[in-house]
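The values are calculated or read from the model by the stated rules, or taken from the named source; none is laboratory data. All figures in this text were calculated on a predicted structure; none of them were measured in a lab. A quick note on method: Cβ atoms are made from the backbone with ideal geometry, for glycine too, and the neighbour counts reach across all protein chains shown. Ligands, DNA and RNA are stripped out before the accessible areas are found, and what is left, the full protein with its side chains, is counted by its heavy atoms. Shrake-Rupley method; radii C 1.70, N 1.55, O 1.52, S 1.80 Å.
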Amino acid sequence: MTREPRDAPQFYLTAPSPCPYLPNRLERKVFTHLIGRRAGAINDALTQSGFRRSQTIAYRPACEMCRACVSVRVLVDEFEPSKGFRRVSARNDDLVSFPVEPKPTTEQYSLFRSYLGARHGEGGMADMSILDFAMMVEDSHVQTRLVEYRRHGPDTAITKRGQGPLIAMCLTDVLADGLSMVYSFYDPEQSDRSLGTHMILDHIRRAKAMGLPHVYLGYWVEGSRKMAYKARFAPQQRLGMNGWERFEG
């Protein structure tokens, strides 16, 4: 008789709840815990299979009558920024991005609250306390980092870091085959910068410099306005019934 390893993942199914992307639909998720010595390898395999990470949980939609949520990853080596993307990069040429250890700060939480209040005031994260935020950042058994965005300073060429207030931030997992953008947020008063787009472009550059072929953007949902922007980053692959399939955008 064979025995399953003690750290092998066990999967569970949530009860139906209202879909956050499409009206008048219910969603269910299958999930497992990412803990123990194999958490990183399991997270790699599950992300490649369409899962997303939230703290020590990996999950993916498991809706009975709907397949609208589609995992998307950018093909880093083939990506060429459009004129619109180059304009976004030019608008943010005064910013420096640099990775820091996943340790939460009050400055990060303040920016996070400002972002939620302006962009997702009615969402499921609206009531997150500073303790909840700390758990989101710190509670991880996989290789993760924070990428902060600040303005250039007089010592940037030496330190590779910016100065001044925090303008944007992304919680990012480093996978065997790419970077996974777990959650990003930014100063809502600087919407003219298109900071969400800028952070994706920056992660594509980072992945290329690291020799990683993909940037995982999470789920694209056809018919959802809040998810439509992900289709612009092409060429990309979307996970379907026949595996990862290429789309030119």
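A few remarks follow.
- Rounded to whole Hz, the Karplus (6.51, -1.76, 1.60) HN-Hα couplings of the range 208-222, x for glycine and proline: 4, 5, 8, x, 9, x, 9, 10, 8, 9, x, 9, 9, 10, 4
- Residue-wise HN-Hα couplings along the range 135-142, as the Karplus relation 6.51 cos²θ - 1.76 cosθ + 1.60 with θ = phi - 60° gives them from phi, are 5, 4, 7, 8, 7, 8, 10, 10 Hz; Gly and Pro carry x.
- Loop trypsin sites (Lys or Arg not before Pro), the range 5-79, which have at most 11 other Cβ atoms in a 10 Å radius of their Cβ (DSSP): ARG6, ARG37, ARG67
- Length gained when the stretch GLU245-THR159 is fully extended (0.36 nm per residue, less Cα-Cα span): 26.9 nm
- Mean separation of Cα pairs under 8 Å and 6 or more residues apart, divided by the residue count, gives the range 165-217 a relative contact order of 39 percent.
- Sum of -39500 (n - 2.57) over DSSP H runs of 4+, divided by residues of the chain (222 nm, nearest 500): -7000 deg cm²/dmol
- Cα-only Debye scattering, the range 87-220: base-10 log of I(q)/I(0) at q = 0.12, 0.17 Å⁻¹: -0.46, -0.97
- Between the helical axis of 106-119 and the longest alpha-carbon principal axis of the chain there is an angle of about 80 degrees.
- Inter-centroid distance (Cα atoms) of the range 142-181 relative to the range 13-38, Å: 29 Å
- The mean accessible area for residues of the chain, using a 1.4 Å probe and ignoring ligands and nucleic acids, is 55 Å² per residue.
- Left without a cysteine partner by the 4.7 Å Cβ rule in the chain: CYS19, CYS69, CYS170.
- Solvent-accessible area assigned to carbon and sulfur over the chain amounts to 51 percent, based on a 1.4 Å probe.
- Between amide H atoms placed 1.01 Å from N, distances below 5 Å from LEU26 occur with CYS19, all of them 5 or more places distant or on a separate chain.
- Each Cα pair under 8 Å and six or more residues apart adds its sequence gap; the mean of these over the residue count of the chain is a relative contact order of 23 percent.
- Positive dipole terminus of the chain, leading residue within PRO102, GLY50, THR156 (C-beta point charges): GLY50
- Shape analysis of the chain yields a ratio of the Cα radius of gyration to the Kirkwood radius, Rg/Rh, of 0.96.
- Relative contact order [Cα under 8 Å, 6+ residues apart], the range 1-118, whole percent: 17 percent
- For the range 55-68, Karplus couplings with θ = phi - 60° (6.51, -1.76, 1.60), whole Hz, Gly/Pro x: 6, 9, 10, 10, 9, 8, x, 9, 7, 5, 10, 8, 10, 6
- Cα gyration tensor shape for the range 162-249, rounded if a/c is under 1.5, else prolate or oblate: oblate
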